[in-house]
1. How much solvent-accessible surface does K35 expose, in Å² to the nearest 10, with a 1.4 Å probe and all protein chains in place?
2. Could you work out how far the C-alpha centroid of region 105-169 sits from that of region 1-30, in angstrom?
3. For D130 and I69, calculate 0.36 nm times their separation in residues minus their Cα-Cα distance, and state this gained length in nm to one decimal.
4. Could you work out the helix-only [θ] at 222 nm for the chain, with each DSSP H run of four or more residues adding -39,500 (n - 2.57) and the total divided by the number of residues, to the nearest 500 deg cm²/dmol?
5. Given a 1.4 angstrom probe, what's the average accessible area per residue across region 75-150, in square angstrom?
6. Classify region 1-41: rounded, prolate or oblate, from the alpha-carbon gyration tensor (a ≥ b ≥ c, eigenvalue square roots; a/c under 1.5 rounded; otherwise prolate if a/b is larger than b/c)?
7. In whole percent, what relative contact order does the chain give with Cα contacts below 8 Å and a gap of six or more residues?
8. Over the heavy atoms of L56, what accessible area does a 1.4 Å probe trace out, to the nearest 10 Å²?
Amino acid sequence: MDEVSLLIDLLDNNWSSSATTLQSAGTITSDHIGKPNIIDIRTLEANRGSRYDLSLKDLIVVFEDSQNIEYPTVHFDIRNETHSFTVHIRHVQDERAGTDGDFGKDRLRALYLITRHVLEGKRTGYTASDGSKFNQIFVGSRSESNDRKKRIYGYKITVETKRFALSVP
């Protein structure tokens, strides 16, 4: 599994348990625990990636920004990889705002907290069912990414992953 797919797998498989944990702790409410669509920007499926109807469901889009490879031994038969990602969280302020003016703000906060909880919960590694793995996961900076005209609230989160001792084919 490639690195973007692995990060999506991590978020997808651990979303519900993190949401439940944060709800039980009183950090988020049950109104805000629904799972968003989590997609790879490279997908070519209809209505996924470049065009998406946010009124149906919130969205998390994963981009890989860069990869760095190093060969930690003099034999060059193994390598370490560092991958940098941007995780875009998107929520549209829709008709729910008429009854709860803070719904969009609260929903975006919950999406961010659940995403961060999933990633931080696996900071010492994650292995997918096919054996693909990250050895370390680091949550980096967060910045706002809003579009007031379209009523879209969003965050961009930087994530760095490391994979160690990979055999060179």
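1. 70 Å²
2. Cα centroid of region 105-169 versus Cα centroid of region 1-30: 10 Å apart.
3. Details: separation 61, 0.36 × 61 = 21.96 nm, distance 2.24 nm.
Gain on extension, D130 to I69, equals 19.7 nm.
4. Values: 2 runs with 41 residues, N = 169.
The helix-only estimate for the chain comes to -8500 deg cm²/dmol at 222 nm.
5. Values: 4200 Å² over 76 residues.
Result: 55 Å² of accessible area for each residue.
6. Prolate, because a/c is 1.5 or more and a/b exceeds b/c.
7. Value for the chain: 23 percent.
8. Roughly 140 Å² of L56 is accessible to a 1.4 Å probe.
The values are calculated or read from the model by the stated rules, or taken from the named source; none is laboratory data. A quick note: this is a predicted structure, and the numbers were derived from the prediction, not measured. When the accessible area is computed, the model is the full protein with side chains, heavy atoms only, and any ligands, DNA or RNA have been set aside. Shrake-Rupley method; radii C 1.70, N 1.55, O 1.52, S 1.80 Å.
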